[in-house]
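Colleague: Structure in structure tokens, see below.
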């Protein structure tokens, strides 16, 4: 082709693209206006049968019950006789999680989904602190199926069931397993365990209890 | 000196502790799985991260899109509790084998945020394809943008898990571009009084639903939930005793030094 032809074609292409841009912008606005008023038409059975198989099954990609976001206020673990209020925990300047300032209080990590909502909610409590046994000092007694309930600010109650209890060296803490994405509403209870390194002044391990939401009690 | 610094630090820490909950409790990362619509063969994943400062970070990686073409993309849905989801082929009301944008809207909701590459992100920019991301020559699309808190519609962060992502632009006849020959004219365009816009350019290619959520700000390492103070560990007792002795000795020496100076 000649140069003239080529430039003509590219110019046409450019005009076409501009037209598309302009048209789509107008369409976008009108589609929005119309979308709100749209009412689904009833579909003839024949047309439905003729349609090709769906690309995906309609529905949800998540599993189990889910609750909206609401801050937790209290955690109850019947098996351990635990029934304590919750306080918010952020992060320290060094990026590690803050911990409660007394042995009794359990904290919920505010940089995570709230208990009952999709994703891993995180509660942390001391195994011992300032010469007192902490609220979570018997966390390793929990077994699969044990109940944990969390009261929430909106008056609803999230009921969890323990999946497993794991112990990890703090220097090999599995952040992905504990904090990573999950397709359901989960809960992690964290405390300390294992050998106490008296030189460093801390336990060498973390105990992590994994639980799933099994029931959502509405407010 | 050291003591006073510690005393000052305690209230500061307490303030931080109590200041956090209200401000940042939605600090989380929502995973969206983008599945093919209209036999596009495209798919992808997206992450919506609610930042601690209220901003929203959106990252999308898609493959199998129409190469070298712009793909309009949006967050769809609403924050009023409507239960939207991704459409299946039953949304194809006119039975042409493709779910058009207007056929999909009753299912996935109106445009909530336009995922443009720059500038306005309101629904007004819904199909401003000059500011929409292009798929590369292989049909891959990579998008990342942080939308400032001030530009987010009210309730966005609270309802992040109720929103959907839709990417538009398909190649029904596999010729590598949007054209009229494949599906004809866009019904959207036509009803808006415009002619000559390929249906391929406006039909949805992927629809993404929330598939999971993660902690938004992952803490570093393990958690210091214990000080060993209730353990019957003789080493600790000796350690504490030893420290106390050292302290006493230090104080004694210091006093002696002071008294000698005076």
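Read-outs: derived from the displayed coordinates by stated rules, not from any lab. If you're wondering where the values come from, they're calculated on a predicted model, not measured in any experiment. Don't worry about glycine lacking a Cβ; one is built from the backbone with ideal geometry, like all the others, and counts go over all protein chains shown.
Colleague: Going by C-beta contacts inside 10 Å, put B:127, B:48, B:75 in order with the fewest on the left.
Modeller: Numbers: B:127 31, B:48 24, B:75 27.
In order of increasing Cβ crowding within 10 Å: B:48, B:75, B:127.
Colleague: How well do other chains shield peptide A:117-129, expressed as the mean number of their Cβ atoms within 10 Å of each residue Cβ? Mind dumping the intermediate values first?
Modeller: Numbers: counts 4, 10, 11, 5, 3, 3, 0, 4, 3, 7, 6, 7, 6.
Across the residues of A:117-129, the mean count of other-chain Cβ atoms within 10 Å is 5.
Colleague: If contacts are Cα pairs under 8 angstrom and at least 6 residues apart, what is the relative contact order of the stretch B:76-176 in percent?
Modeller: With pairs under 8 Å counted, the relative contact order is 31 percent.
Colleague: Could you put B:94, A:146 in order, starting from the residue whose Cβ has the fewest other Cβ atoms within 10 Å? Can you show the working numbers first?
Modeller: Working: B:94 14, A:146 18.
Taking fewest neighbouring Cβ atoms as first place, the list is B:94, A:146.
Colleague: Sticking with this one: Using Cβ counts within 10 Å as a stand-in for footprinting exposure, how do A:192, B:207 rank, fewest first?
Modeller: On the way: A:192 31, B:207 28.
The most exposed by this proxy come first: B:207, A:192.
Colleague: Please find the FRET efficiency linking residue A:153 to residue B:150, where r is the Cβ-Cβ separation and R0 is fixed at 25 Å, and quote it to the nearest 0.05.
Modeller: For residue A:153 and residue B:150, the calculated efficiency is 0.45.
Colleague: What nm distance separates the two modelled labels at residue B:220 and residue A:184, each placed 7 Å from Cα along Cα→Cβ?
Modeller: Calculated label separation equals 3.4 nm.
Colleague: Suppose R0 equals 45 Å; then what is the FRET efficiency for residue B:191 and residue A:140 from their Cβ-Cβ distance, rounded to the nearest 0.05? Please report the intermediate quantities before stating the final value.
Modeller: Numbers: r = 65 Å, r/R0 = 1.44.
Working from the Cβ atoms, E equals 0.10.
Colleague: What is the distance in Å between the Cα centres of the stretch B:128-199 and the stretch A:160-219?
Modeller: Centre-to-centre distance over Cα atoms comes out at 41 Å.
Colleague: Could you run the Debye sum over the Cα atoms of the stretch B:25-136, one equal point scatterer each and no solvent, and tell me log10 of I(q)/I(0) at q = 0.24 Å⁻¹, two decimals?
Modeller: -1.65
Colleague: Also, I was wondering about something else. Under the definition of partner shielding as Cβ atoms of other protein chains within 10 Å of a residue Cβ, what is the mean value for peptide A:203-213? Each step should come with its number before you reach the end.
Modeller: Working: counts 8, 1, 2, 6, 3, 2, 0, 0, 0, 0, 0.
Average per residue, whole number: 2.
Colleague: How would you order B:133-146, A:198-211, B:212-225 from highest to lowest mean count of nearby Cβ atoms within 10 Å? All intermediate terms of the calculation are to be shown ahead of the outcome.
Modeller: Working: B:133-146: 16.4, A:198-211: 19.6, B:212-225: 22.4.
Final packing ranking: B:212-225, A:198-211, B:133-146.
Colleague: Any idea how far apart residue B:122 and residue B:142 come out in nm if each label point goes 7 Å out from Cα toward Cβ?
Modeller: Using points 7 Å along Cα→Cβ, the separation is 3.2 nm.
Colleague: Hey, another quick one. Stretched out fully, how many nm does the piece from residue A:199 to residue A:219 gain, at 0.36 nm a residue minus the Cα gap? Spell out each step's value before the answer.
Modeller: Details: separation 20, 0.36 × 20 = 7.20 nm, distance 4.85 nm.
Roughly 2.4 nm would be gained on extension.
Colleague: Now a separate question. Mind checking the mean number of beta-carbon atoms from other chains within 10 Å of the Cβ atoms in B:123-131?
Modeller: That average works out to 6.
Colleague: While we're here: How high is the FRET efficiency between residue A:94 and residue A:131 when r is their beta carbon distance and R₀ equals 25 Å, given to the nearest 0.05? Don't skip to the answer; put the middle values down first.
Modeller: Working: r = 26 Å, r/R0 = 1.03.
It comes out at approximately 0.45.
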